[in-house]
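Below is one structure, written out as structure tokens, with a few remarks after it.
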Amino acid sequence: MFMANNQKTIDYDKIAGMESFKKLTKKKNKFLWTLTAIFLVLYMLLPVLTSYTTVLHQKAIGDVTWVWIYSAGLFIMTWSLAHFYVSRANQYDKDAKAVIDEYEGGASK
Amino acid sequence: MNGVSPIAIIMFLSIVGLTLIITWWASKKTSTASDFYTAGGGLKGWQNGLAISGDYLSAASFLGIAGAVALSGFDGFYFSLGYLVAYLVVLYIVAEPLRNLGKFTLADMITARFDKAKVRGTAALSSIVIVLFYMIAQLVGAGALIQLLFGLDYWLAVLIVGFMMTIYVLFGGMTATSWVQIIKACLLMLGTVIISFLVLSKFNFNILTMFEHMKTATPAGEAYLNPGLKYTNGLDTISMLIALVLGTAGLPHILMRFFTVKDAKTARSSVIWATWIVGLFYILTIFLGFGAAAFVGSENIVAANAAGNMAAPLLAQALGGDILFSFVCAVAFATILAVVAGLVLSGASALSHDIYGQIIKKGKVTEKEAVKAARIGSLIISVVSILLALGAQTLNVAFLVSLAFCIAASSNLPVIIYTIYWKRFNTAGAVTAMLTGLISALILVAISPNVWNPVEGKAIFVGEPLVFLTNPAIISVPLGFLGGFIGTLLSKEVDAKKYREVEVKAQTGISVQDVSH
């Protein structure tokens, strides 16, 4: 259960101070929070529009009103952003591995 | 509905039998605390994705949303939207840092930065409160459902479900729970796809024809296809949608599922799986709801259950006769079992691992003691929730679920975000964030229209509510964030070194890679 014992100690301060690490976190956090802000705004816009306006109550295709189209858009948004995240995160994984390699390369010398 | 059909009993018993075989198999693989809480951390992405879906799609989703769409049209569909978009919050903000920092519980992750008993204790308390509210809702719903389906007494129904969930968790731990959830997710998807296919076939597979038909199929007329049938107050609607989208990322039994995979990459792929499965299911709730409104009729739905919970089973009966009805009832039963088992496990992890193992015993427990504590904790959580559910028969379960989501969003989410992303955050802030979120959500619900109504029988107490919001998230979530912010600034404590460690671990997963599973 307590598997930490056999670990070699990691110099977290050193990693945190590395330029490559700082660049990675900055890039990653900027991406995460920008996208989060976008999808939360698009999502919260729905109840605002449905509660205070009737733009989404109008018919779009046949008897299907815009509110269903907007909702379908939110579903598509969710799946697209989920996959977009994965493609970005795979890149960040490589960057993170490069950071660790750089650290381990430096540590063994 | 008229008594119990033999087919229903056979399907019911097959599910019980199958899950017991899984539990027996899983019990042989459960010897350490890590096996018990996280199935040894060895689940694959698709397995965990299915298990997350099985953990998440509760009876409230399957029966509740189908009924809500059937009775309130688009307004019922808000739930489907909120519950799905919530996965983006989980994926973008929470899943990977959580996997990289934690071990068994949410408290593990927060104490990775603030290793204090009061932080762990508060986190465990908040988890236990959420789990208990959620569990009472599930058990009360389960009792009512089984009562309707099989004609059993309420107390007997609660005891049967309670007994089953205790067996799974006690003997099979997370391995059994995960596989019960995986099987349930497959059954639920199968049932939902079959019903939706039958509904669509009635409209010649033309969605436009379906919408055209729905215009005249319900008493609401054309208004059925637009928002505003049930939720007429803008702020209340917005507040509810906030709780739906932010609550998921703070639900202990969902967060716990991320410890069952080996690394952040697998956590990521399990969310993708879950997003597809859960999303597909939520789209199909349109067909379940519309179909029930068209082919069962709102009068019949309300006659069976005022909240509309019987809409999906009744639709199955109308379209597929007794066999499909029995199958859908069996699926509903499996749905309930899978969710309550996950809840017991997350409650037990907070009680046995956090409070007993880490706070009372200060981490000095042997492997054997830890497993024993986990089993005793599961038993305590099960018994307490069964007793509470037995006394809560008349409570409106929908409000218990929304309360659980609201507490999760107000108490857990702010502290998770601050812990990972805010350098200045400290111990005092962690405690105040959780307590303000938890307490404000509880108080605001206690004075809400869910609890108080001037008309007798409409709510728990007779009287004027002090706030008009049925869901307080729009106030309590900002309060949780604000509480953490003010608490942090009021304390001088800053530990930049510790934050650097947490940041490196969260971003690179460096500590997880060294952990052998």
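Nothing in this text is a laboratory measurement; each read-out follows from the coordinates by a stated rule. In this text, all values refer to a predicted model and were calculated from it rather than measured experimentally. Here Cβ is always computed from backbone atoms with ideal geometry, including for glycine, and neighbour counts include all displayed protein chains.
The shape of region B:6-511 comes out prolate: with a ≥ b ≥ c from the C-alpha gyration tensor, a/c is at least 1.5 and a/b beats b/c. Each residue of region B:166-179 was assigned a 3J(HN,Hα) from its phi angle through the Karplus curve 6.51 cos²θ - 1.76 cosθ + 1.60 (θ = phi - 60°); the sequence is 5, 4, 3, 6, 4, 9, x, x, 5, 4, 5, 4, 4, 6 Hz, with glycine and proline shown as x. Centroid-to-centroid, using Cα positions, region B:238-259 and region B:387-403 are 19 Å apart. Here region B:333-369 and region B:420-447 have alpha carbon centers that stand 23 Å from each other.
Taking Cβ atoms as reference points and 14 Å as the exclusive limit, the residues near B:ALA292 contribute a net charge of 0, counting Lys and Arg as +1 and Asp and Glu as -1.
Once the Cα-Cα distance is subtracted from the 0.36 nm per residue extended length, the A:LYS26 to A:THR54 segment shows a gain of 6.0 nm. Across peptide B:493-500, the average count of Cβ atoms from other chains found within 10 Å of a residue's Cβ is 2. When peptides B:86-92, A:47-53 are ranked by their average number of other Cβ atoms within 10 Å per residue, the highest-first order is B:86-92, A:47-53.
What the phi angles of region B:412-423 give under the Karplus curve with 6.51, -1.76 and 1.60, with θ = phi - 60°, is a coupling list of 8, 5, x, 5, 5, 5, 4, 4, 7, 10, 10, 5 Hz, glycine and proline written as x. Its Kirkwood hydrodynamic radius, worked out from the mean inverse distance over all distinct Cα pairs, puts the protein assembly as shown at 24.8 Å. Here region B:293-436 is assigned +1 on the Cβ of each Lys and Arg and -1 on the Cβ of each Asp and Glu. Its dipole about the Cα centre then comes out at about 860 debye. Centre-to-centre separation between the Cα atoms of region B:28-51 and those of region B:120-195: 19 Å.
With no solvent and one equal point scatterer placed on each C-alpha of region B:387-517, evaluate the Debye formula and give log10 I(q)/I(0) for q = 0.09, 0.10, 0.20 Å⁻¹, two decimals. So the normalised log intensities are -0.39, -0.46, -1.04. Take each residue in A:82-90, count the other chain C-beta atoms within 10 Å of its C-beta, and the mean is 4. Near B:LEU43: Cβ cut-off under 11 Å, other residues only, Lys/Arg at +1 and Asp/Glu at -1. The net charge is +3. On the beta carbon distance between B:GLU369 and A:ASP11, with R0 = 51 Å, the FRET formula returns roughly 0.90. Of the residues B:PHE327, B:ILE286, B:GLY247, the one whose Cα sits farthest toward the positive end of the charge dipole of the protein assembly as shown, with +1 on the Cβ of Lys and Arg and -1 on the Cβ of Asp and Glu, is B:GLY247. With θ taken as phi - 60° and the Karplus curve 6.51 cos²θ - 1.76 cosθ + 1.60 applied, the whole-hertz 3J(HN,Hα) list for region B:319-326 is 9, x, x, 4, 5, 5, 4, 4 Hz, x standing for glycine and proline.
Partner shielding of B:403-416 amounts to 0, given as the average count of beta-carbon atoms from other chains within 10 Å of each residue beta-carbon. Taking amide H atoms as placed 1.01 Å from N in the peptide plane, the amide H of B:ALA459 lies under 5 Å from those of B:ASN453, each 5 or more residues away in sequence or on another chain. Computed from point charges on the beta carbon alone (+1 for Lys and Arg, -1 for Asp and Glu), the dipole magnitude for region A:22-108 about its Cα centre is near 280 Debye. Between amide H atoms placed 1.01 Å from N, distances below 5 Å from A:ALA60 occur with A:THR65, A:TRP66, all of them 5 or more places distant or on a separate chain.
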